[in-house]
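The values are calculated or read from the model by the stated rules, or taken from the named source; none is laboratory data. Model, not experiment: these values are computed from the prediction. All Cβ positions, glycine included, derive from the backbone under ideal geometry; neighbour counts span all protein chains shown.
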């Protein structure tokens, strides 16, 4: 961990470091529902979804206070939560832009043109992978497989997947998000789900 408790630095639009953290009333209820899904004595299994919840609440990253809060909420040793947060790529333990833009560059996406998607992201966001945009709104990173290889190349923005991207499509999606819009997630090519680009080849009966 490099973020020390109580550290205060200007981060523009980025969420600041804080000395204290607590779930909002709405997130507290959601956290309780998540923990209730696990058997008694297994509450620590909820650490991943609770860290996601805390990160979303705090604007895209997890200050030490948030990690400690989740650990205490689950009655876990704090070091174990630090280990989880520092191991998984989807968690950020340093201040970053609030809007998380992840471009998959694993082999299937790369073969289908993820370099062009990453180029579009660089141009629109004006930053490199691993950096936040100058205004602090966006954080760009390359990401390992997002599990949507049939719809490659793929970009994951906050909770939404944008698939079947080209340079032009990726640029249009990011420019719309920068304007405060929410483009329709999913394939950007017009196809439905993971259906073949040429249309159905099986299950042609409309009733099926």
Can you pull out every residue in the stretch 115-142 that is touching a residue at least 40 places away in the same chain (Cβ under 8 Å) and farther than 26 Å from residue 64 by Cα? 116, 117, 119, 120, 121, 123, 124, 125
Given (1) within 15 Å of the chain's Cα centre (by Cα); (2) part of a loop (DSSP other than H, G, I, E, B), where does residue 205 come up short, assuming only one miss? (1)
Of everything in the stretch 170-184 that's surrounded by 15 or more Cβ atoms within 10 Å (Cβ to Cβ) and without any contact (Cβ under 8 Å) to a residue 40 or more places away in the chain, which residue is farthest from residue 158 (Cα to Cα)? 172
Count of the stretch 143-163 residues which are in contact with a helix residue (DSSP H, G or I) (Cβ under 6 Å, 6 or more places away or on another chain) and surrounded by fewer than 21 Cβ atoms within 10 Å (Cβ to Cβ): 1
Restricting to the stretch 130-142, name every residue that is outside any strand (DSSP E or B) and touching a helix residue (DSSP H, G or I) at 6+ places or on another chain (Cβ under 7 Å). 133
Boolean, residue 145 is in contact (Cβ under 8 Å) with a residue 40 or more places away in the chain, in a helix (DSSP H, G or I) and closer than 30 Å to residue 187 by Cβ: no
Counted residues, the stretch 46-66 - those being closer than 17 Å to residue 77 by Cβ and out of contact with any helix residue (DSSP H, G or I) (no Cβ under 9 Å at 6 or more places or on another chain): 1
Filter the stretch 108-122 for residues that are more than 17 Å from residue 163 (Cα to Cα) and either touching a helix residue (DSSP H, G or I) at 6+ places or on another chain (Cβ under 7 Å) or not in a helix (DSSP H, G or I) (or both) and give the result. none
Any residue in the stretch 61-77 that is within 30 Å of residue 179 (Cβ to Cβ), under 15 Å from the mean Cα position of the chain (by Cα) and crowded, with 20+ Cβ neighbours inside 10 Å? yes
Checking the conditions here, which among 84, 70, 47, 103 is at pLDDT 95 or above and in a strand (DSSP E or B)? 103
Could you check the stretch 106-137 and list, in sequence order, the residues that are buried (at least 20 other Cβ atoms within 10 Å of the Cβ) and within 24 Å of residue 151 (Cα to Cα)? 109, 114, 117, 118, 120, 121, 124, 125
